[in-house]
Structure formats: C-alpha cells, structure tokens
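Peer 1: Quick one: the structure is below, questions incoming.
Where a number appears in this text, it was derived from the coordinates with a stated rule and is not lab data. All values derive from a computational prediction rather than experimental measurement. Note: ideal-geometry Cβ built from the backbone for every residue, glycine included; neighbour counts use all protein chains shown.
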Amino acid sequence: MRKQFFRLILFVLIFGCVPTSLWAQSQEAVAVITELKLNRGDIQIRPPGKKAPEKPAPLQSLYAGTQVAVTKDASAVILFTESMKTVTIDEKNSPFEIKPPDAKGGQASAGMKQVANLLLGKKKPPTYIPLATRGSKHPPTLISPRETKMLTDSPTFKWMGMEMQTGTLRVYGLEGPLWSADNIARTQLKYPPSAPRLKPGMEYSWSIEKKGVPAEKARFTILTPEQARPVQEQLKSLEGASGISKTTLTVLKAGLFLSHGLFYEAREILAEAVTADPDEPTVHLLLGETYEKTGLKNLALEEYGEAQFLSRISR
C-alpha cells in the first residue's frame, strides 16, 4: 500500500506539472481552421488548459475542449477531420467549444479523412528578406508550370517581367526543342492542341527568350495514368462531399495537390480563389507555400505577408 501511495504521489508531481502546450501536443487534433474573416470584429481561441485567449492562425489545428469566441461580424469556418463536416462560427453561436469526435456520428471515407489530415500541423511560414538586384538585365520570371508534376497535358504557361517587349516561348523535350511561339507580348499562353502532345512520365522544360537577356528554364513532368489515379479518386470524393463551402473545398484540394507535388494545379485553383475571395488569409497562405516550393521566394513572401495581415498576426 505504501509503495502504491508513493507511486501515486510521484505520478501527480510529474504529470500534474506538465505544461498545457505539451499536453495539447499529446492529444490528437480533431479540427482545423479553414477560413477566417475578421471584418470589423475579432476572433480568439482558448486551447484546453490555458487561461489566456490567443489569436487564431490560418490552418491552425484545434483540439477537443478549445473555445472559439467571435465578436461583431467576424466569422471562422472549422473543418472536423473525422466527419469532414464544417461549422461556421459567428457572434450568434459564440463561444463555440470544439467537441471530440462522436463515434455514433457520420464518418467520412478514409480517403477524405486523409486529405483533411494533410492540413493538420501546418507550420508557420518562414520570413524571407527580398534580395535587391541592380545593374544587369533580368530574364522574365517563369511562374507556372515550374518545378512541378502535373495532371494536365495542356498547361497554360504564365510569366511576368516582359517590360513591354516581345519574346519567344519555347518548350523542350529530352531531345531538344519541341514547340515555340514567337513575338509574344502577353504574360500567359496555353499550350495549343496543334502542338506535339506532351507524354506522361516525360520531363519537359520551357523558357521565355527576350532579346539581350539570358533565358531561364523551368521543368515539369506529367503524371502517368497510374500515378494520377489515386489523386483523381480523392478529388472525386471531395467533389461529392456535402456541406463544405467553396473556399474550404479549394483549401482541401490545394492541400492534396501540394502533398503530391502538383504545384501547377495547386497554383491554378489558389490564384482563382484569391481573385474570388481576396480577404481569405488561408488561400494566400497556401499560395505562398506553392511559390515557396517552386523557388519563387519573393512571391511567397508577398502571399505570406498578405495572410498575416488579413489574420492580424504580428510577424
């Protein structure tokens, strides 16, 4: 009896003093913040075991027992990863407590839950210092496709920095030049049906050649049908899900694309989402991650900064 008593005291002394942050890390997250709209109000969360509230971050993981408080016309969308259901929290249902998964409730398919779990545990973006460049002329910045795998065999090439000068777009295969378009003064061009077909599993590259400026190349590869099939199946599951907002669906798709190195598809849907919903920090955050993974550090910094500004998070 005496040994059991001292063991109990030792257990309380050790585990009773564990910091709440470590306690939270030992639990499994049950939800993730997919959308934040502060507008004229405010959003605060209080994780379990903490007394002081804190600002939420885009794609922040939430644990059972977390309290979410919303004021005025602010709102937050929470995705529960077990059921793949979303809840919009506003002033009407605030404060809202995150509950553990209900074993009797609806369960999402394994594939859908896998996609949702990709959003959990996202790290805060790094802060880059833009490098100032002077003196020499610089080639156009090749934005997309860039260092990426792709599902499509008809990409739209996008770039910036032509400075009102025409240039030549060239696409290369392993054996050399494959197709070209001359006297281009735009910033994007779709690969035409009349051009040689791009084959799955083959590596290609492209460049924009401008007079007096050295050309740079960006690489891309098209997935084979076998490689593309699991991604397409997960996309189909997401499209069939009910009760998920358009922005949250985009966030889920982007997370799926990023996890498979499909940066072209991720950028396409995120750029569209930014145009449709420019005040949503989550899409800016994921677009920044897309640029970071393709080596566009300055563009990544801009998107990360916009995400921090919209969610009112200090650097």
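Peer 1: Tell me which residues come under 5 Å, amide H to amide H, from residue 179 once H is placed; ignore anything under 5 positions away on its chain.
Peer 2: Amide H neighbours of residue 179, under 5 Å, 5+ apart: 171.
Peer 1: Would you order 260, 284 from fewest to most other beta-carbon atoms within 10 Å of each residue's own beta-carbon?
Peer 2: 260, 284
Peer 1: Test of understanding: ordering 186, 170 by Cβ neighbours within 10 Å, fewest first, what list do you get? Can you show the working numbers first?
Peer 2: Values: 186 13, 170 19.
Sorted ascending by nearby Cβ count, the order is 186, 170.
Peer 1: For a label point 7 Å from the Cα of residue 91 along Cα→C-beta, name the residues of segment 41-75 whose backbone N is under 16 Å from it.
Peer 2: 41-44, 69-75
Peer 1: Filter the cross-link list 211/293; 85/253; 149/217; 92/253; 149/297; 51/92 down to pairs whose alpha-carbon distance in this structure exceeds 26 Å.
Peer 2: 211/293; 92/253
Peer 1: Working out 0.36 nm times the residue gap between residue 203 and residue 232, then minus their Cα-Cα distance, what length gain in nm do you get to one decimal?
Peer 2: Going from the current span to full extension adds 8.3 nm.
Peer 1: Quick one: go through segment 58-86 and flag any residue whose amide nitrogen is under 16 Å from the point 7 Å out along the Cα-to-Cβ line of residue 246.
Peer 2: Taking a point 7 Å out along Cα→Cβ of residue 246, no residue of segment 58-86 has its backbone N under 16 Å.
Peer 1: For residue 219 and residue 174, compute 0.36 nm times the residue count separating them, minus their Cα-Cα distance, and round to one decimal in nm.
Peer 2: 15.1 nm
Peer 1: Once fully extended, how much extra length lies between residue 162 and residue 99, figured as 0.36 nm per residue of separation less the alpha-carbon to alpha-carbon distance? Walk me through the numbers before you get to the answer.
Peer 2: Numbers: separation 63, 0.36 × 63 = 22.68 nm, distance 5.28 nm.
That pair, residue 162 and residue 99, stretches by 17.4 nm at full extension.
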